[in-house]
1. Could you list, ordered by first residue, the pairs with Cβ atoms under 9 Å in which the first is in region 186-203 and under 14 Å from residue 238 (Cα atoms) and the second is surrounded by fewer than 16 Cβ atoms within 10 Å (Cβ to Cβ) and hydrophobic (A, V, I, L, M, F, W, C), at least 6 apart or interchain?
2. Considering region 111-133 alone, what residues qualify as being within 15 Å of the ligand (Cβ to nearest atom) and open to solvent by 10 Å² or more (accessible area, probe 1.4 Å)?
3. Name the residue that is farthest from residue 114 (Cα to Cα), counting only residues in region 51-61 that are open to solvent by 40 Å² or more (accessible area, probe 1.4 Å) and in a loop (DSSP other than H, G, I, E, B).
4. Residue under question is residue 204, and the condition is that it be at pLDDT 95 or above and of a type in the set (Gly, Ala, Ser); does it hold?
5. Pick out the one residue from 76, 2, 64 that is of a type in the set (Lys, Arg), open to solvent by 60 Å² or more (accessible area, probe 1.4 Å), within 16 Å of the ligand (Cβ to nearest atom) and within 23 Å of the chain's Cα centre (by Cα).
6. Output yes when any residue across region 116-131 is in contact (Cβ under 8 Å) with a residue 12 or more places away in the chain, of a type in the set (Ser, Thr, Tyr) and under 18 Å from residue 2 (Cα atoms), and no when none is.
7. Looking at region 249-267, can you tell me whether even one residue there is small (Gly, Ala, Ser), modelled with pLDDT of 95 or more and within 26 Å of residue 59 (Cα to Cα)?
8. Considering only strands (runs of 3 or more DSSP E) fully contained in region 177-256, which possess at least 3 residues that are within 25 Å of residue 147 (Cα to Cα)?
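The values are calculated or read from the model by the stated rules, or taken from the named source; none is laboratory data. Keep in mind the model is a prediction, meaning the values are calculated, not measured. Cβ: placed from backbone, ideal geometry, glycine included. Neighbour counts: every protein chain shown. Ligands, DNA and RNA are excluded from the accessible area calculation, which covers all protein heavy atoms including side chains. Shrake-Rupley method; radii C 1.70, N 1.55, O 1.52, S 1.80 Å.
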Amino acid sequence: MKHLLSAADLTREDAITILDTAEELLGVAKRPIKKLPTLRGRTIVNLFFEDSTRTRISFEAAAKRLSADVINFSAKGSSVSKGESLKDTALTLQAMGADAVVIRHHASGAPHRLAHSRWTRGAVVNAGDGTHEHPTQALLDAFTMRSRLGDLAGKNVTIVGDVLHSRVARSNALLLDTLGAEVTLVAPPTLLPVGVESWPVRTSYDLDAEVEKSDAVMMLRVQRERMNASFFPSAREYSRRYGLDLARMNRLPDHAIVMHPGPMNRGMEINADVADSDRSVIVEQVTNGVAVRMAVLYLLLGGATEEETA
Ligand code: CP
């Protein structure tokens with residue numbers, strides 16, 4: 001694999017290789033000196049056209065722990081505000097010798113455009129594009145589920161909320177299917193995308209009917225910034241029907257875990273006491289994200305010269 005653009009590009013073998021590599025690399029974070037020399041001399045550019053806390057910091061930590069040189073680009077405060085295009089930004093970064101570009105963009109398809117252009121010779125990693133995909137989030141979610149629940153084959157994963165605007169839901173549905181899990185999407189009809197019938201999932205409008213069957217419940221953020229219409233009557237009504245509160249959490253099987261990709265709307269899709277409970281693996285997801293992103297960068301770049309990745 002030269003790029004990581006979509007969870008759909010990963011075979012079961014690819015995904016298991018990434019998860020197994022991440023498991024080995026997780027140990028690096030526990031050492032006094034959290035560094036490996038693997039990517040010494042390589043340059044990784046974090047190209048962020050959209051806000052991020054977890055993903056941007058996680059990729060930066062991952063690249064630095066592998067001893068790569070890291071250039072952080074944020075559209076805010078750059079020449080993008082003067083009208084510079086993705087092409088000219090990418091050409092500028094290429095001229096500085098980027099071996100890999102980690103890109104987050106508000107436009108679905110931007111990482112594919114970059115990967116299939118001559119604007120960059122390096123590997124392209126999709127760090128979230130519009131409402132399309134977020135493959136490394138799905139990988140870190142799968143890693144977290146596997147470490148808590150064991151082999152994902154046959155496990156019931158319930159993904160709840162704003163599926164319509166969620167790149168996390170799409171990447172998770174694709175990857176979890178590849179790994180043999182059974183995925184159920186729970187949302188109001190207005191927040192399920194057109195064409196969801198072709199996804200490898202079940203759908204439901206009734207969270208209460210799904211809770212007791214779930215090995216993992218993944219709550220999605222209600223993405224109000226992407227909403228230009230009224231998708232539900234009120235925040236209170238949404239929380240009542242689709243929010244995870246203590247009463248619902250207590251109906252989960254004893255072994256079941258609660259997940260959220262972040263950032264959370266506490267009190268909306270998830271109550272604070274659930275987010276902070278023993279069943280919540282939300283902080284663990286962030287820790288695991290660094291190891292998973294180290295594995296992705298290592299597998300895409302480790303050992304290959306710039307000419308080989310061109
Ligand atoms: N989960 C996730 O992508 O979070 P950020 O938007 O903070 O990167």
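1. 186/209; 190/229
2. 131, 132
3. 53
4. yes
5. Result of the check over 76, 2, 64: 76.
6. Yes; the residues of region 116-131 include at least one that is in contact (Cβ under 8 Å) with a residue 12 or more places away in the chain, of a type in the set (Ser, Thr, Tyr) and under 18 Å from residue 2 (Cα atoms).
7. Initially, region 249-267 is screened for residues small (Gly, Ala, Ser), giving 256, 262, 267.
Narrowing further to those that are modelled with pLDDT of 95 or more: 256, 262.
Those left that are additionally within 26 Å of residue 59 (Cα to Cα): 262.
Yes: region 249-267 contains one or more residues that are small (Gly, Ala, Ser), modelled with pLDDT of 95 or more and within 26 Å of residue 59 (Cα to Cα).
8. 182-186, 216-219
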